[in-house]
Amino acid sequence: MGYYAYHLALREEDLQGVRLALIPGAPERCTKIAQAFGEWQELAFHREFRTVLAYNAVGKILVVSSGIGGSSLSILLEELARMGVQIFLRVGTCGAIQEHIEVGDLIVSEGAVRLDGVSEHYAPLAYPACSDYTLLWLLKKACNEMGCRYHLGITCSSATFYPGQERYDTFTGYVPRALRGSFAEWQKLGVLNYEMEIATLFTVARVFGLKAGALCGVLVNREREEAVPVERVEEVETILARVSAHAATLILKWLEEGNGVS
Ligand code: URA
């Protein structure tokens with residue numbers, strides 16, 4: 001019997017040799033993405049990690065939830081990599097920090113600012129967190145083919161949703177001095193959005209010699225408001241599921257042509 005992944009509650013053979021995993025944060029988003037891709041079956045659901053195997057005429061993928069933040073994502077990457085997964089696509093949500101980006105737009109991350117607090121356990125901070133080039137290109141193609149509004153650029157991955165993203169609508173309303181003014185600074189430096197996992201994903205995948213890309217749906221424009229408009233969440237999740245499922249099909253076709261992780 002092959003390796004048993006303790007946190008995912010899966011055995012290597014359960015994965016049937018699948019090489020591509022789509023990674024939303026929320027377990028309930030797994031089935032939405034899997035449905036947009038094709039037929040699906042749940043393999044396991046342990047803690048925040050829900051694992052769904054999805055298949056269509058082109059091939060099969062995993063959709064696995066990571067929970068929120070880099071810590072749990074790093075566990076997922078360790079265990080999926082040990083079971084033979086080589087390509088990771090984060091499918092998440094984010095807050096935009098540039099004026100011209102609207103709720104419902106998509107962001108394809110070229111790289112990430114490493115405020116995730118986890119990636120330093122894998123490589124010093126001077127090491128860059130960047131997307132795999134082919135996945136970046138295929139994500140862009142998927143966005144174009146699905147006719148959606150999207151932006152390419154740098155993401156800031158924060159270890160926290162509130163102070164790290166300079167939110168003041170909190171219990172204390174206090175943001176420590178080191179983080180005050182950080183929103184305006186990232187904005188000035190052309191960063192597009194805040195989220196919590198991409199820097200961990202890009203750093204760890206690169207250190208492992210594996211491939212990672214990231215696509216996020218914009219839930220809120222922080223220039224206009226701090227709180228997420230809950231009435232828009234369903235709509236954003238639907239766009240994200242459709243485009244990420246299409247991107248997964250493009251990646252499988254690319255693999256079928258004999259490409260892969262060298
Ligand atoms: N996720 C984040 O980390 N920040 C947001 O503003 C929205 C989603």
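The values are calculated or read from the model by the stated rules, or taken from the named source; none is laboratory data. Fair warning: this is a prediction, and the values are worked out from it, not measured in the lab. Please note: Cβ atoms are built from the backbone with ideal geometry, for glycine as well, and neighbour counts cover all protein chains shown. Accessible surface areas use protein heavy atoms only, side chains included; no ligands, DNA or RNA. Shrake-Rupley method; radii C 1.70, N 1.55, O 1.52, S 1.80 Å.
Compactness of segment 180-252 was expressed as the Cα radius of gyration divided by 2.2 N^0.38 Å, which yields 1.35. Each of 258, 93, 5 was scored by the projection of its Cα onto the charge dipole of the chain, and the greatest displacement toward the positive side belongs to 258; charges sit on the C-beta of Lys, Arg, Asp and Glu.
If you run the Gaussian network model on the chain, springs between alpha carbon atoms under 10 Å, then out of 123, 26, 159 the most flexible one is 123.
Taken about its Cα centre, the chain carries a charge dipole of roughly 380 debye when the Cβ of each Lys and Arg holds +1 and the Cβ of each Asp and Glu holds -1.
Over all Cα atoms in the chain, the spread is summed up by Rg and Dmax: 17.4, 55 Å. Rg of the Cα atoms in segment 21-64, relative to 2.2 N^0.38 Å, amounts to 1.02. As a calculated quantity, the FRET efficiency between residue 35 and residue 6 at R0 = 22 Å, using C-beta atoms, amounts to about 0.20. With a Cα cut-off of under 19 Å and a minimum spacing of 8 residues unless on different chains, the lysine pairs in the chain number 8.
Subtracting the Cα-Cα distance of residue 233 and residue 126 from their residue separation scaled by 0.36 nm leaves 35.0 nm.
Peptide packing: for 80-90, 50-60, 8-18, 144-154, the average count of neighbouring Cβ atoms within 10 Å per residue gives the ranking 80-90, 50-60, 8-18, 144-154, highest mean first. Surface analysis of the chain yields an accessible area of 43 Å² per residue, using protein heavy atoms and a 1.4 Å probe. Which residues in segment 2-29 have a backbone N closer than 14 Å to a point placed 7 Å from the Cα of residue 56 along the Cα-to-Cβ line? Within reach of a label on residue 56: 22. Note on the chain: helix-only mean residue ellipticity at 222 nm, from DSSP H runs of 4+ residues weighted -39500 (n - 2.57) and normalised by residue number, equals -9500 deg cm²/dmol. Diffusion coefficient (Stokes-Einstein, Kirkwood radius over C-alpha pairs, 4 °C, 1.567 mPa s) for segment 41-96: 105 µm²/s, rounded to a whole number. Each residue, residue 259 and residue 208, gets one label point 7 Å from its Cα in the Cβ direction; the gap between the two is 2.0 nm. Note on segment 121-262: the alpha carbon radius of gyration divided by the globular reference 2.2 N^0.38 Å gives 1.18.
Here's the picture: a label point sits 7 Å out from the Cα of residue 100 along the beta-carbon direction, and within segment 190-205 the residues with their amide nitrogen under 16 Å of it are 190-193.
Taking amide H atoms as placed 1.01 Å from N in the peptide plane, the amide H of residue 92 lies under 5 Å from those of 215, 216, 217, each 5 or more residues away in sequence or on another chain.
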